[in-house]
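First the structure, in the form of structure tokens, and then the observations on it.
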Amino acid sequence: MSQERAGVRRGRGRRPAAEVRAAVLAATGRLLLEEGLPAITFDRVAREAGSSKVTLYKWWPSPGALAAEAYFAQSAPVLAFPDTDDVEADLVTQLTAFVRWLTRDAAAEPVAALIGAAQTDPEVARAWAEQYARPRRELARERLRVAQEQGQLRPDADLDVIVDQLWGACYHRLLVLRVPFDESLVPRLVDQALHGAAAR
């Protein structure tokens, strides 16, 4: 056993819970993006994070639930929502980051695997909804609400439908159609969602 690994093992019981949790999520996120959902087992994550399986079982009901939370933690800095007082520009910026995350940063397969697992595993479904899907949706709705208050969107604009049009289109291409797409799609999506297809 290396001195470094021995040091991790000796010190792990003294680490604050927040530090252990962060290490577990970081290790899980790395494994998820590099090797996919099958790599996420409590044995493997405990080794990678210098933690114990007992801790993982205490904090997460299943490896899939851990993977869903780790995905949220890993993606949050990448998918931060800007606010420059120009809602169209901000939507293009955020949605472009999302599409790049899927297509360039190797998140597409883990996302597809997590959503697939959520169809049959209630713990993964709950974690995906509570740790990622609903919080991300609310961030988008909040940015749109601000734009609405500033008069950039109609007072009666349906914010949920706008969110569905934008991010739903990406998930549809990724999961249902399974066709290639890239960030060049984003300006067209945003234009369609904000301005519609009617003649101007």
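The values are calculated or read from the model by the stated rules, or taken from the named source; none is laboratory data. Bear in mind the structure is a predicted one, so any value in this text is a computation, not a measurement. Heads up, the Cβs are rebuilt from the backbone with ideal geometry, glycines too, and the neighbour counts pull from every protein chain shown. Keep in mind that these areas ignore ligands, DNA and RNA; they rest on the heavy atoms of the full protein, side chains included. Shrake-Rupley method; radii C 1.70, N 1.55, O 1.52, S 1.80 Å.
Points worth noting:
- Ranked packing of 98-106, 26-34, most packed first, by mean Cβ within 10 Å: 26-34, 98-106
- Estimated D of the stretch 113-193 in µm² per second, where Rh is the Kirkwood radius over Cα pairs and Stokes-Einstein applies at 20 °C, 1.002 mPa s: 150
- Along its principal axes, the chain has C-alpha extents of 70, 34, 29 angstrom, given from the largest down.
- Percent carbon-and-sulfur accessible area, the chain, ignoring ligands, DNA and RNA, probe 1.4 Å: 52
- Only Lys, Arg, Asp and Glu carry charge here, each on its Cβ (+1 for the first two, -1 for the last two); on that basis the stretch 51-137 has a dipole of about 460 debye about its Cα centre.
- Extreme residue, positive dipole direction of the chain, given options 49, 75, 97 (C-beta unit charges): 49
- Dipole check for the chain: with +1 at the C-beta of Lys and Arg, -1 at the C-beta of Asp and Glu, and the Cα centre as origin, the magnitude is about 1100 Debye.
- Euclidean distance of C-alpha centroids, the stretch 99-172 and the stretch 33-49, integer Å: 25
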